[in-house]
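Everything on this sheet refers to the single structure shown next.
The values are calculated or read from the model by the stated rules, or taken from the named source; none is laboratory data. Keep in mind it's a predicted model, so treat the numbers as computed, not measured. For neighbour counting, all protein chains shown are included, and Cβ atoms are generated from backbone atoms with ideal geometry for every residue, glycine included. Note: areas computed on protein heavy atoms with side chains; ligands, DNA, RNA excluded. Shrake-Rupley method; radii C 1.70, N 1.55, O 1.52, S 1.80 Å.
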Amino acid sequence: MIWNNISELENRNGTLYFDGCSTVKLAETFGTPLYVYSENRIRSNYRRLLEGYQKQYPRFKAYYAIKSNNNPAILQVLANAGAGADAACVNEILMAKAAGIPPEEILYSGVYNADADLRYAVENKVRLNLEDLSQLDRLEHIGIPKFLCFRINPGIGGSGQEGLVFAGPDAKFGIIERDIEKAYAKAKALGVEQFGIHMMTGSNILSVPYFEEIVEKLLDLAGPIGQKLGIRFDFIDIGGSLGVPYRPNEAELDVDAVAKAVVNTLRKKLAQYNMGEPLLLHEPGRYLVCDAGILLARVTSIKEGYKRFIGLDAGMHTLLRPALYDAYHHLLYASNLSASSDTPANVVGQVCENRDQLAKDRLLPSCIEVGGLFAVLNAGAYGFCMSSQYNSQPRAAEVLISNGKAELIRERETYQNLIQGTRVPDTLRAAL
Ligand code: LLP
């Protein structure tokens, strides 16, 4: 095992294999930069989470957060496995429907929704998660759904990564505590019959007590409101947030322990407030797909400057997280895993921004050469979906390995994609 109990990553005679496929061959066949995903790993991540929770609380379901990786093939793997969907916008609702997820298992958690978004969700009977009282007022003119959920901001939030906090006073998300009761009272008065309650407080959390704490907080808000207004919650949705280790010294999140802690608290609170046995929902994105994806990139140039700079054909346009969050992604020199990592270097892309650095002062093999292949780990979540064409760089291709066979699931972009849809007005051409 070369990284974090991920059996799909193997060292075979010095070459990195991913889910049975040689990364060197994958790069030759499909080109670089290349996102590669393992269906096996996605499925086992999903199974581990589901079993961990269902052992404790059979009425558990996972809704996949499409925003973490919106490739339709990845979504299909999870839909086939039985996941529902967390959709951030109408396009993600369309994707979930295309994958065969029934509308009642799609929770639309758009933020700052426009009327058209709300109307689409209501007309298509997708479950709606509102994050502001004013949206309820607007629903009066659009149509009142039978089911409604509110995303609350419980005033606390956490993060395994700076910049990734989704609740608390500074967060733009959710209904503040003061307005929660008003929201449910109004929804009930308008004729809503079934209710859910939702929170999404942080992301990439590796601590078990955190989950216990947020569940306690959510139930302490939901319980009294339910009692006071005579509302029964059909589901309790605790959002995403389950973390994965990005750094070598970080420990894996024990999902069984999370499930145990969450369910203990949940059961205690459900009994305290006489809330019955609602469905418990998690909306994982990262936990399901992050370590199921790697990014392959080739060395394009090596500069011995004030530091050693290793240039790759992937950069911030391919994987934005290091530039945006200073996020750490582990790198493997996939074409020669046996070489010892003893030489510090910065690994950079080809974009004209100095933040375009995938790794800084990282110890890497000294034998790295132009044409050599790197694998960037934990690239399955918030990787391709946050990529761009900045600096006129076409986006990467994506490949899915299923049963040992690699298949293209998104074509590499070309120059044509960069200019597609653009127009140079005739008047400008005439000026030539
Ligand atoms: N549910 C809702 C309503 C969300 O907004 C999110 C993520 C999730 C679920 C899934 O959260 P997860 O299980 O992945 O923690 N771009 C950042 C992450 C942003 C997360 C946004 N919301 C990154 O690269 O780390």
| Across region 280-322, which residue is nearest to the ligand (Cβ to nearest atom) among those that are outside any strand (DSSP E or B) and surrounded by fewer than 20 Cβ atoms within 10 Å (Cβ to Cβ)? | 307
| request: Test residue 374 against the stated conditions and say whether it is within 16 Å of the ligand (Cβ to nearest atom), surrounded by 15 or more Cβ atoms within 10 Å (Cβ to Cβ), of a type in the set (A, V, I, L, M, F, W, C) and closer than 16 Å to residue 297 by Cα. | output: no
| Which one of 72, 58, 33 is surrounded by fewer than 17 Cβ atoms within 10 Å (Cβ to Cβ) and either charged (D, E, K, R) or more than 29 Å from residue 260 (Cα to Cα) (or both)? | 72
| Exclusive hit being under 19 Å from residue 237 (Cα atoms) and either open to solvent by 30 Å² or more (accessible area, probe 1.4 Å) or within 14 Å of the chain's Cα centre (by Cα) (or both), set 64, 53 | 64
| task | Report, by residue number, each residue of region 168-186 that is within 16 Å of the ligand (Cβ to nearest atom) and either open to solvent by less than 30 Å² (accessible area, probe 1.4 Å) or in contact with a helix residue (DSSP H, G or I) (Cβ under 8 Å, 6 or more places away or on another chain) (or both). | result | 168, 171, 174, 175
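For residues that are in a loop (DSSP other than H, G, I, E, B) and either basic (Lys, Arg) or within 25 Å of the chain's Cα centre (by Cα) (or both), scanning just region 2-19, find the one that is modelled with the highest pLDDT.
It comes out as 19.
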| request: Identify all residues within region 225-253 that are of a type in the set (D, E, K, R), over 15 Å from residue 61 (Cβ atoms) and within 16 Å of the ligand (Cβ to nearest atom); write none if there are none. | output: 247, 250, 252
| query | Among the listed residues 99, 87, which satisfies the condition of being buried (at least 17 other Cβ atoms within 10 Å of the Cβ) and either away from the ligand (no atom under 16 Å from the Cβ) or more than 24 Å from residue 386 (Cα to Cα) (or both)? | reply | 99
| Do we find a residue being surrounded by fewer than 20 Cβ atoms within 10 Å (Cβ to Cβ), within 16 Å of the ligand (Cβ to nearest atom) and not β-branched (Val, Ile, Thr) anywhere in region 187-208? | yes
| Failed condition for residue 165, given (1) closer than 27 Å to residue 274 by Cβ; (2) among the aliphatic types (A, V, I, L, M); (3) in contact with a strand residue (DSSP E or B) (Cβ under 9 Å, 6 or more places away or on another chain); (4) open to solvent by 50 Å² or more (accessible area, probe 1.4 Å) | (1)
| note | Expected output for region 229-255 (first residue free of Cβ contacts under 8 Å to residues at least 24 places away in the same chain, partner of a type in the set (Val, Ile, Thr) and open to solvent by less than 10 Å² (accessible area, probe 1.4 Å), Cβ below 6 Å, 6+ apart or cross-chain) is none
| request: Tell me which residues, restricted to region 218-237, are more than 14 Å from residue 151 (Cβ to Cβ) and not aliphatic (A, V, I, L, M). | output: 220, 223, 224, 226, 227, 228, 230, 232, 234
| request: Look through region 239-265, keep the residues that are in contact with a Phe, Trp or Tyr (Cβ under 7 Å, 6 or more places away or on another chain) and of a type outside the set (Lys, Arg), and return whichever of them is farthest from residue 150 (Cα to Cα). | output: 246
| said: Can you go through 107, 128, 118, 75 and tell me which one is within 28 Å of residue 178 (Cβ to Cβ) and either among the polar types (S, T, N, Q) or assigned to a helix (DSSP H, G or I) (or both)? | reply: 118
